[in-house]
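Report on the following structure.
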Amino acid sequence: MTNQNNKSALATLVTVFFFWGFIAASNGVFIPFCKTYFNIDQFQSQLVDFAFYGAYYIGALLLFIMSSTIKKDILNTWGYKAGIVYGLLLSAIGAFVMYPSTAGAEQGQTSVFYLVLIALFIVGLGFSLQQTAANPFAIALGDPKTGSHRLNLAGGINSFGTTIGPIVVSLVIFGSATWSTDELAEMITNNEITLVTVQALYLGVGALFLVAAALFHFSKKLPSLKSDTAFEPANKARNLLVILTLVIVGCFGYIFSTYSGDTPVTDDLEQTRLMILFVALFAVIIAVFIANSMASKRSSGWGAMKYPQLVLGMLAIFTYVGVEVTIGSNLGELLKQGIDSSNLNALGLPVLNDSEIGKYISLYWGGLMIGRWVGAITVFNPSKGLKKVLLIIVPYIAFGVILLANSFKSSFTTNEILFFAICVAVQIGGFFLAKDNPVKTLKIFSFLGILGMLIGLFSSGNVALFAFLSGGLFCSIMWPCIFTLSIAGLGKYTSQGSAFLIMMILGGAIIPPVQGKLADVFTIQSSYWIAVACFAYLLFYAFRTKTVLDKQGVEY
């Protein structure tokens, strides 16, 4: 395939990355709206993430189980191109299901909320199939050594979707006006703001999924591409993952049962719910380490899990996706929740309502766009001098795009722009210190993530707000670094290892509900300790995976 066709194929491919970002980030606005509209608690509101990201895990696991059963890689049989088309069609079905699920819904109908979750789950299943195919597809479109740079470029487009998603959804639901908290509450109570607008949004998104599927299917410049590695069975790994799934389903099933009927909410019940959530969280951690421990003694039946860099990477993806999602998904409640019925929120800033938080959600996810645009610079092979200049200019160009995109709905104050500009400067310093080395990048940005969360926990006002918002900047570059390090040296198990990593997007389904329940039991601000724990593991991973790869003599 010619270089020109490579570029055309990559340009077509990145459209699906945009969709992932648009829908995922728009959940940050949709979640607090659902909490208000359906009269649910913070944990229940985070079930939007549980359904959406849980679908990634279930989809990847089902592919692996079916492939193991027939001893043939199903996705490789289809080809990456067909896999993306099927995924887009499945997501379109989920988007269209949103219409009948919310038809006639009124404020306070919690049962409708669970139908919304089903629709989002189907959309997420389609995304799981798309992502399982699209990541190796991007790597296969050129020199494998520059594969992470193409992923960064695609990630930059993904993050553009995350930046405008919250703005568009906020405009769709609330319009261009900014209502006072009392006005908004009254409008929702009187069903003047309903889910009809959400129905229209998802019908439009579903139509776009169909257009993208047609574009992929009929594009002659887009090759089918398949992996040339044979499918490697891993029955013991498969069985362990099935058991893990049953444990997670059991934990969440029990918690769901406590929300049914007229069960009174007591402190003991809330603490029990929190404990069960931690059982699900630790089950993931324990299962992955059990797999590696057993595989190191006898590798037969464990497949890629015999490699410690993959096992460490699976938990790194789990915590990375978890922390990236949970910071943004709980941000709305942080800005909304008042202190002792005063007009100040948990950070000591003026209380905001559902119609006012969209710009901050956009700014958080925009931080990921800034980092990924910087990470994509290498794709264009600039000279060393030009690259240094671009490392400084590109982040602020991206910041300008964020400000411009938000100007259609609302604008930031001069102080807010200055605060975030300082955060961007810190990120730029991190890039200069990392020098494109994935291990150094993870060390630096994990440390900055810990620092940002601690500042947010122990301060107030704009300092705390922008410390939490900086989490997006520091998460921005982690995915390609973790992915590249985790599959380094896997050889014939590379494809299987990639599938295991995609499964660990499960972190986005587990960690936000845990934080949501921490917020219900304690306070919304203190619930961000879980973000500190996630960044701490990522820092440990950076040090540990370097030791593992150096010991194996693997280049990275």
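Key figures
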quantity: Test: residue in the stretch 402-424 that is more than 26 Å from E333 (Cα to Cα) and either basic (K, R) or assigned to a helix (DSSP H, G or I) (or both); calculated: no
quantity: Of residues in the stretch 429-470 being aromatic (F, W, Y) and closer than 17 Å to L331 by Cα, the one surrounded by the fewest Cβ atoms within 10 Å (Cβ to Cβ); calculated: F458
quantity: Test set (1) open to solvent by 40 Å² or more (accessible area, probe 1.4 Å); (2) at pLDDT below 90; (3) touching a Leu at 6+ places or on another chain (Cβ under 7 Å); (4) not polar (S, T, N, Q) - I74 fails condition number; calculated: (1)
quantity: S45 being touching an Asp or Glu at 6+ places or on another chain (Cβ under 8 Å), at pLDDT 90 or above and open to solvent by less than 20 Å² (accessible area, probe 1.4 Å); calculated: yes
quantity: Evaluation of S148 against (1) modelled with pLDDT of 75 or more; (2) open to solvent by 10 Å² or more (accessible area, probe 1.4 Å) (one fails), failing number; calculated: (1)
quantity: Residue within the stretch 142-150 that is touching a residue at least 24 places away in the same chain (Cβ under 8 Å), over 26 Å from L201 (Cβ atoms) and over 24 Å from the mean Cα position of the chain (by Cα) present; calculated: yes
quantity: Subset of the stretch 520-539 that is of a type in the set (F, W, Y) and crowded, with 16+ Cβ neighbours inside 10 Å - its residue that is farthest from K35 (Cα to Cα); calculated: Y537
quantity: Qualifying position, being in a helix (DSSP H, G or I), open to solvent by less than 30 Å² (accessible area, probe 1.4 Å) and either touching a strand residue (DSSP E or B) at 6+ places or on another chain (Cβ under 7 Å) or closer than 22 Å to S111 by Cα (or both), among L310, L269; calculated: L269
quantity: Selection within the stretch 354-379 - among the aliphatic types (A, V, I, L, M), farther than 20 Å from G332 by Cα and in contact (Cβ under 8 Å) with a residue 40 or more places away in the chain; calculated: I370, V374, A376, V379
quantity: Long-range neighbours under 7 Å by Cβ, at least six apart or interchain, first residue over 17 Å from E324 (Cα atoms) and free of Cβ contacts under 8 Å to residues at least 24 places away in the same chain within the stretch 47-69, second open to solvent by 20 Å² or more (accessible area, probe 1.4 Å) and not polar (S, T, N, Q); calculated: M66/I74
quantity: Residues being over 16 Å from L208 (Cβ atoms) and part of a helix (DSSP H, G or I) - total across the stretch 92-118; calculated: 12
quantity: Lone qualifier among L89, L129 - being open to solvent by 50 Å² or more (accessible area, probe 1.4 Å), touching a residue at least 24 places away in the same chain (Cβ under 8 Å), farther than 27 Å from F43 by Cα and in a helix (DSSP H, G or I); calculated: L89
quantity: Condition met for S476 (farther than 20 Å from I58 by Cβ, surrounded by 23 or more Cβ atoms within 10 Å (Cβ to Cβ), more than 15 Å from the chain's Cα centre (by Cα) and polar (S, T, N, Q)); calculated: no
quantity: Set G59, G21, G94: member being of a type in the set (G, A, S), touching a helix residue (DSSP H, G or I) at 6+ places or on another chain (Cβ under 6 Å), over 23 Å from G253 (Cα atoms) and open to solvent by less than 30 Å² (accessible area, probe 1.4 Å); calculated: G21
quantity: Residue that is out of contact with any strand residue (DSSP E or B) (no Cβ under 7 Å at 6 or more places or on another chain), modelled with pLDDT under 85, in a helix (DSSP H, G or I) and within 30 Å of Y80 (Cα to Cα), where the choices are N292, N239; calculated: N292
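Results for (1) open to solvent by less than 30 Å² (accessible area, probe 1.4 Å); (2) modelled with pLDDT of 85 or more, shown as yes or no for each residue.
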| position | (1), (2) |
| --- | --- |
| L125 | no, yes |
| A154 | yes, no |
| V172 | no, no |
| D182 | no, no |
| A185 | no, no |
| F218 | no, no |
| D228 | no, no |
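The rows are residues; the columns are (1) closer than 19 Å to I502 by Cβ; (2) over 18 Å from the mean Cα position of the chain (by Cα); (3) open to solvent by 30 Å² or more (accessible area, probe 1.4 Å); (4) at pLDDT 90 or above.
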| residue | (1), (2), (3), (4) |
| --- | --- |
| Y53 | yes, no, no, yes |
| I70 | no, yes, yes, no |
| G79 | yes, yes, no, no |
| G83 | yes, yes, no, no |
| Y99 | no, yes, yes, yes |
| A105 | no, yes, no, no |
| Q109 | no, yes, yes, no |
| F113 | no, yes, no, yes |
| V116 | no, yes, no, yes |
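The values are calculated or read from the model by the stated rules, or taken from the named source; none is laboratory data. Since this is a predicted model, take the numbers as computed values, not measurements. Here Cβ is always computed from backbone atoms with ideal geometry, including for glycine, and neighbour counts include all displayed protein chains. The area values use the complete protein model at the heavy-atom level, side chains included, leaving out ligands, DNA and RNA. Shrake-Rupley method; radii C 1.70, N 1.55, O 1.52, S 1.80 Å.
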